[in-house]
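Participant: What follows is a structure written as structure tokens; I'll ask about it next.
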Amino acid sequence: MPVTPLPKKLDKKQHIPLDIDVFPMDNSNTKKEGVEYTYKKFFGYAPIAAYFGCEGWCLGCELRPGSQHSQNDFIGFLQAVLHRSRRLTRAPILVRLDSGHDAEESRREIAGFKGVNHIIKLNPRKYHTKEHWLPIFEEKQVKWEESRPGKSYATLSTVYETNYGNQRLIIRIIKRTTDTVGQRFLTPDYELEVTVLASGFSTN
């Protein structure tokens with residue numbers, strides 16, 4: 001079967017994407033075992049699934065109770081789908097995860113697999129706030145780029161060391177002075193996005 005990597009213009013090494021995510025299912029008004037209140041604010045299940053390659057081949061789908069946190073029992077599922085993916089290709093693999101899997105154990109586990117890198121969106125924490133990063137952006141004189149009138153963004157990249165390899169933080173701050181129809185705000189509105197990348201992957 002074809003397993004298509006990321007386009008070369010986005011990724012020079014052309015990793016094979018492996019996307020893992022939880023998707024709540026609405027099972028309201030039922031009394032099935034495991035139907036619980038989900039983070040989407042309805043009763044149902046919260047399965048976790050893994051999709052491989054640009055085609056989206058399903059390498060695993062596990063039914064879970066609706067209230068189960070994304071990271072709960074995640075490592076076993078991650079190990080299983082990584083082993084399955086290695087039976088399909090020896091090409092480099094890029095695991096893409098949302099902030100529900102922003103955990104040290106996730107990054108450590110992925111680093112243990114040869115030729116596997118990751119992109120994980122970070123959860124806001126003490127050092128991942130607008131108030132923390134804005135002065136750093138100003139100190140480093142990071143250039144702002146306009147995406148539309150009244151909306152601009154600035155991006156900063158920094159590397160930090162861990163005992164399982166270097167990790168790269170990509171910090172983006174979005175600044176809005178107007179809404180989409182041009183209505184001006186009294187004060188600028190800032191939005192923070194932080195992503196952590198394995199040292200072996202670059203978006204350049």
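The values are calculated or read from the model by the stated rules, or taken from the named source; none is laboratory data. Since this is a predicted model, take the numbers as computed values, not measurements. Backbone-built Cβ (ideal geometry, glycine too); neighbour counts: all protein chains shown. Remember, those area values only see protein heavy atoms, side chains included, never the ligands or the DNA or RNA. Shrake-Rupley method; radii C 1.70, N 1.55, O 1.52, S 1.80 Å.
Participant: Rounded to the nearest Å, what's the spacing between the alpha carbon centres of region 23-44 and region 145-204? Just the number, please.
Facilitator: 34
Participant: Calculate one ³J(HN,Hα) per residue across region 39-48 by plugging θ = phi - 60° into the Karplus curve 6.51 cos²θ - 1.76 cosθ + 1.60, and present them in order as whole Hz with x for glycine and proline.
Facilitator: 5, 8, 6, 9, 8, x, 9, 10, x, 10
Participant: Hey, could you get me the Stokes-Einstein D for region 102-188, Kirkwood radius over alpha-carbon pairs, 4 °C and 1.567 mPa s, rounded to whole µm² s⁻¹? Present the calculation step by step, with values, prior to reporting the outcome.
Facilitator: Details: Rh = 15.4 Å.
Reported coefficient: 84 µm²/s.
Participant: Between Thr178 and residues 5 or more places away or on another chain, which pairs have amide H atoms under 5 Å apart, with H built 1.01 Å from N, and which residues are they?
Facilitator: Under 5 Å from the amide H of Thr178 lie the amide H atoms of Phe185, each far enough along the sequence or on another chain.
Participant: Read phi for every residue in region 63-78 and hand back ³J(HN,Hα) as whole Hz from Karplus 6.51 cos²θ - 1.76 cosθ + 1.60, θ = phi - 60°, with x for Gly and Pro.
Facilitator: Couplings: 6, 9, x, x, 8, 6, 5, 3, 7, 5, 6, 6, 4, x, 5, 4 Hz.
Participant: Quick query: amide H of Val35 versus all other amide H atoms, modeled in the peptide plane; which residues come in under 5 Å with a sequence gap of 5 or more or a different chain?
Facilitator: Under 5 Å from the amide H of Val35 lies no amide H from a residue far enough along the sequence or on another chain.
Participant: Could you tell me which of His101, Leu18, Gly60 has its Cα farthest along the dipole of region 1-141 towards the positive end, charges placed at Cβ (Lys, Arg +1; Asp, Glu -1), taken about the Cα centre?
Facilitator: Leu18
Participant: Taking springs between alpha-carbon atoms closer than 10 angstrom, which of Asn163, Asn72, Asn29 fluctuates most in the Gaussian network model of the chain?
Facilitator: Asn163
Participant: Next question. Calculate the spin-label point distance for Lys40 paired with Arg148, positioning each point 7 Å from the Cα along the beta-carbon direction, and give it in nanometres.
Facilitator: 2.6
Participant: Averaged per residue, what accessible area in Å² does region 1-119 show with a 1.4 Å probe, protein chains only?
Facilitator: Details: 6560 Å² over 119 residues.
Roughly 55 Å² per residue, with all protein chains present.
Participant: Quick one: which of Lys8/Lys121; Lys40/Lys121; Lys12/Lys41 span more than 29 angstrom between C-alpha atoms?
Facilitator: Values: Lys8/Lys121 22 Å; Lys40/Lys121 19 Å; Lys12/Lys41 41 Å.
Result: Lys12/Lys41 exceed 29 Å.
Participant: Same structure, new question: Give me the accessible area of Val116, 1.4 Å probe, in Å² rounded to the nearest 10.
Facilitator: Ignoring ligands and nucleic acids, Val116 comes out at about 10 Å².
Participant: Here is a further query. How large is ³J(HN,Hα) for each residue in region 54-60, as worked out from phi by the Karplus curve 6.51 cos²θ - 1.76 cosθ + 1.60 (θ = phi - 60°), to whole Hz, x for Gly and Pro?
Facilitator: Whole-Hz 3J(HN,Hα) from phi for region 54-60: 5, 6, x, 4, 7, 9, x.
Participant: When the accessible area of region 8-123 is split by element with a 1.4 Å probe, what percent falls to carbon and sulfur?
Facilitator: On the way: 3220 of 6320 Å².
On region 8-123, the fraction of accessible area on carbon and sulfur atoms equals 51 percent.
Participant: Follow-up. Tell me, what is the FRET efficiency for Tyr164 and His83 to the nearest 0.05, using R0 = 25 angstrom and their Cβ-Cβ distance as r? Walk me through the intermediate numbers first.
Facilitator: Working: r = 19 Å, r/R0 = 0.76.
Between Tyr164 and His83 the formula returns 0.85.
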